Amino acid sequence: MPKMTHALPLTLVLALAGLSIPPGGARAQTPGPKEPSLSEALARLQANDPEGASSILEKLVAREPENGRAWRILGQARQRRKDPDGAIEAWRKALEVEPRMKAPLYSIGMTYASKKDLEHAYEWLSKAKASGKIDMTQIENSPELALLKTDARFPTLLPAAKDFADPFVEPLKIIREWGGEASNDQFGWIARNIGDVDGDGVNDVATSAPTKDVAGKN
């Protein structure tokens with residue numbers, strides 16, 4: 001009788017034919033260097049390591065030059081490592097790549113003030129006020145602006161009464177106004193409809209002052 005042979009299934013033969021095993025067996029691929037990330041830089045800043053944060057962010061903006069947020073945080077890192085000129089450079093780049101984000105205007109003004117360059121400080125703080133996007137009342141409590149407070153132009157940086165004369169887009173009648181207890185406590189920042197609590201047929205509203213310091217910060 002002829003000798004019987006057992007053929008491999010065609011699918012297995014094809015699968016084996018497609019394998020390519022280098023001499024010495026398979027080798028694991030070596031991962032490439034890790035790309036810098038924004039979250040790592042923020043973690044370094046939170047850990048009070050502005051040098052480490054700056055190193056990461058400088059690599060990040062080199063790779064992503066249009067990343068406005070990275071430029072803004074790089075400005076913070078450079079400022080904290082006592083590099084005001086580098087901070088200003090980063091913030092100006094942030095404005096260039098993302099002009100709708102106005103916060104760097106204020107940061108640049110404050111940094112010039114810390115350098116005792118009052119002319120440039122006033123120039124950039126004026127731009128910050130003109131943007132209408134920044135709360136300029138904070139300049140009253142800023143130690144960096146101690147010198148600028150003696151300048152006759154300082155009051156012009158603060159909001160004027162006319163700035164609040166017509167705060168609403170829709171036509172309306174103001175029935176009553178309430179003022180917060182302290183500056184910057186954000187009274188009225190958050191409000192909620194809580195229904196008709198007192199039963200007078202009109203819905204009531206609860207509001208808060210989320211950054212008011214009571215028995216501790218905020």
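The values are calculated or read from the model by the stated rules, or taken from the named source; none is laboratory data. Here the structure is a predicted model, which means the values were calculated and not measured. In this analysis, Cβ positions are derived from the backbone assuming ideal geometry, glycine residues included, and neighbour counts consider all displayed protein chains. Only protein heavy atoms, including side chains, enter the accessible area calculation; ligands, DNA and RNA are left aside. Shrake-Rupley method; radii C 1.70, N 1.55, O 1.52, S 1.80 Å.
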Practice prompt. Using only alpha carbon positions, build the gyration tensor of region 61-218, then give the equivalent ellipsoid semi-axes as the square roots of 5 times its eigenvalues, largest first, whole angstrom.
Written response: 36, 20, 17
Discussion item. So, R0 is 25 Å and r is the distance between the beta-carbons of residue 116 and residue 48; what FRET efficiency does that work out to, to 0.05?
Written reply: 0.45
Discussion item. Given R₀ = 41 Å, what would the calculated FRET efficiency be for residue 147 paired with residue 63, taking r from the Cβ atoms and rounding to 0.05?
Written reply: 0.55
Worksheet item: Of 101, 136, which has the most accessible area with a 1.4 Å probe, and how do the rest follow in descending order?
Response: 101, 136
Discussion item. Checking the cross-link filter: which lysines have an alpha carbon closer than 16 Å to that of residue 116, excluding same-chain neighbours under 8 positions apart?
Written reply: 82, 149
Fill in: Distance in nm between pseudo-label sites at residue 131 and residue 198 (7 Å out along the Cβ direction from Cα)
4.2 nm
Item to complete: Sequence neighbours fewer than 8 away in the same chain don't count; with that in mind, list the lysines whose C-alpha is under 22 Å from residue 34.
Response: 59
Worksheet, complete the sentence: Within region 165-216, DSSP-loop trypsin sites (Lys or Arg not before Pro) with at most 13 other C-beta atoms within 10 Å are 173, 176
Practice prompt. Using DSSP to define loop residues, name the chymotrypsin sites (Phe, Trp or Tyr not before Pro) in region 146-200 whose beta-carbon has at most 14 other beta-carbon atoms within 10 Å.
Written response: 168, 178, 189
Worksheet, complete the sentence: Sorted by chain and then number, the residues having a modelled amide H within less than 5 Å of the amide H of residue 204, at least 5 places away or on another chain, are 194, 195, 196, 197
